[in-house]
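Worksheet: the structure to be examined is printed underneath.
The values are calculated or read from the model by the stated rules, or taken from the named source; none is laboratory data. From a predicted model like this one, the values you see are computed outputs, not experimental measurements. Cβ atoms come from the backbone with ideal geometry, glycine included; neighbour counts cover every protein chain shown.
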């Protein structure tokens, strides 16, 4: 399973078990979630129904762990960073030229990935490209199957902010061409539930926060064409040992 889709699933579990809609979630991947496999999960909810801790896995083999909550005092992405990302919901001439000039390498690493893989027929097919020396960008018109009533479904909306935060890292000089990254944790905040229909398209904008050895922290947000923020996240990527 895709790490971002797993995080979206956790937010949905929070919607089902908490006293109100999930607005914050934190998911840690302990092992690659297996495909087409039923996994038991255990959870506990605090007395007020505001926070749910969970673990997914069979026996002692934990696959996912973390929590979901109806509110949080601390933002996942600092307000000034969110503003910087939102400022490029609409690209200027220079940013448009940088985006258009980017050429994807032919040797696609994760062609079957749910988020970015070109051969996954049910996938999101989202590939952010650099638009300047600090940010990556893509616009997104979700397929009708991702719509629930008048809202964009929670799982794909959250999943869309997974590998899209890692794809520009190599082109922005954060990782070398020889390095590969896998998602370690996904910390997310739902500001507003995305509407099913927006004027134009959704915009995904990302920027690396910092690198500490093999850990890379990347900020990312889902916006509309006017820069209204729906979901923000900070993904922790782990550089695989060579």
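Some points to look at:
- Selection of segment 22-58 for residues being more than 28 Å from residue 193 (Cα to Cα) and assigned to a strand (DSSP E or B) yields 57, 58.
- Checked against (1) surrounded by 15 or more Cβ atoms within 10 Å (Cβ to Cβ); (2) in contact (Cβ under 8 Å) with a residue 40 or more places away in the chain, residue 21 meets all criteria but (1).
- Selected residue (criterion: surrounded by the most Cβ atoms within 10 Å (Cβ to Cβ)) from residues of segment 71-90 that are touching a strand residue (DSSP E or B) at 6+ places or on another chain (Cβ under 8 Å), touching a residue at least 60 places away in the same chain (Cβ under 8 Å) and over 19 Å from residue 235 (Cβ atoms): 89
- Elements of type strands (runs of 3 or more DSSP E) in segment 104-221, at least 2 residues being modelled with pLDDT of 95 or more and on the phi > 0 side of the Ramachandran plot: none
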